[in-house]
Amino acid sequence: MTDLTRVEAEDIQRLDNVLADTGSSPLTRRSLVTRAATGAAAVGALGALGPVPAALASSDFSISRIETDAVTAEAMAVTLLTHVVKNHAKIGIPKDLIPVLKAANAAEYDHYETLRSLGARPLTKKFWFPDSFFHSSKDTFGTIEYAEKQFINAYLIAITAYAKKNQQTLARYAGEICGVESEHRALARSALGKLPNN
């Protein structure tokens, strides 16, 4: 799957608007929008976020790159959640959340397998995480919440890119995965006591 497409200024602005609505930090927004801007002649649309290197404004935005990034991220999620489940007692994860983490891990593995079945190949399957991610249940769920926010944003980019290439089935897969990642973020936020009635 090496088809190339371009992300245009209106797509970049739309992405920036979505990120602003999700409460993403300016640094996170800049990072994600800059990556999305690869291949876009959208320097003007990014003015509020800061300068974009000229090379990014003229490069191609590759569907295969999206798939490679996605399958690598899913491999990372499986590695992270497997570690959390195995070390839940040491981390201080409440026992009633272990089935939730196992279910989330199974879903991330399903995403990984789905992407692999579509031809995506991860850049690596080995990941290392700072110990600070696992000092406490709060640190761990904070890490999961942050990671899920990035996954949601990445799949939003994928939906747009697939739709622009008229690849409806792939856009649908990306949308379904995005929905599951949204559930995972909500579960992490619940574990952190950030949702109403907590």
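Filtering the range 125-163 to residues that are β-branched (Val, Ile, Thr) and more than 27 Å from Lys90 (Cα to Cα) leaves Ile152, Ile157, Ile159, Thr160. The set of residues in the range 139-155 being open to solvent by less than 40 Å² (accessible area, probe 1.4 Å), farther than 19 Å from His83 by Cβ and small (Gly, Ala, Ser) is empty.
Taking the criterion of being within 19 Å of Ser136 (Cα to Cα) and either in contact (Cβ under 8 Å) with a residue 40 or more places away in the chain or hydroxyl-bearing (Ser, Thr, Tyr) (or both), the residues of the range 167-193 that qualify are His184, Arg185, Leu187, Ala188, Arg189, Ser190, Ala191, Leu192. Criterion applied to Ala104, Ala45 was being in contact with a helix residue (DSSP H, G or I) (Cβ under 8 Å, 6 or more places away or on another chain) and at pLDDT below 95, and the one residue passing it is Ala45. Entry remark, the range 65-85: residues being under 16 Å from Tyr162 (Cβ atoms), open to solvent by 20 Å² or more (accessible area, probe 1.4 Å) and free of Cβ contacts under 8 Å to residues at least 60 places away in the same chain number 2 in total. Tell me yes or no: at least one residue of the range 156-179 is touching a strand residue (DSSP E or B) at 6+ places or on another chain (Cβ under 8 Å), open to solvent by less than 20 Å² (accessible area, probe 1.4 Å) and in a helix (DSSP H, G or I). Yes, because at least one residue in the range 156-179 is touching a strand residue (DSSP E or B) at 6+ places or on another chain (Cβ under 8 Å), open to solvent by less than 20 Å² (accessible area, probe 1.4 Å) and in a helix (DSSP H, G or I).
Where helices (runs of 4 or more DSSP H) fall wholly inside the range 61-138, the ranges with 1 or more residues that are more than 20 Å from the chain's Cα centre (by Cα) and among the small types (Gly, Ala, Ser) are 88-91. Quick check on the range 150-159. Is at least one of its residues free of Cβ contacts under 8 Å to residues at least 40 places away in the same chain, over 11 Å from the mean Cα position of the chain (by Cα) and farther than 19 Å from Asp110 by Cα? The answer is no; no qualifying residue exists.
The values are calculated or read from the model by the stated rules, or taken from the named source; none is laboratory data. Bear in mind that the values here come from a model prediction, so they are computed numbers and not experimental data. Cβ sites come from the backbone with ideal geometry, for glycine too, and all protein chains shown count toward neighbours. These area figures cover heavy atoms from the full protein model, side chains too; ligands, DNA and RNA do not enter into them. Shrake-Rupley method; radii C 1.70, N 1.55, O 1.52, S 1.80 Å.
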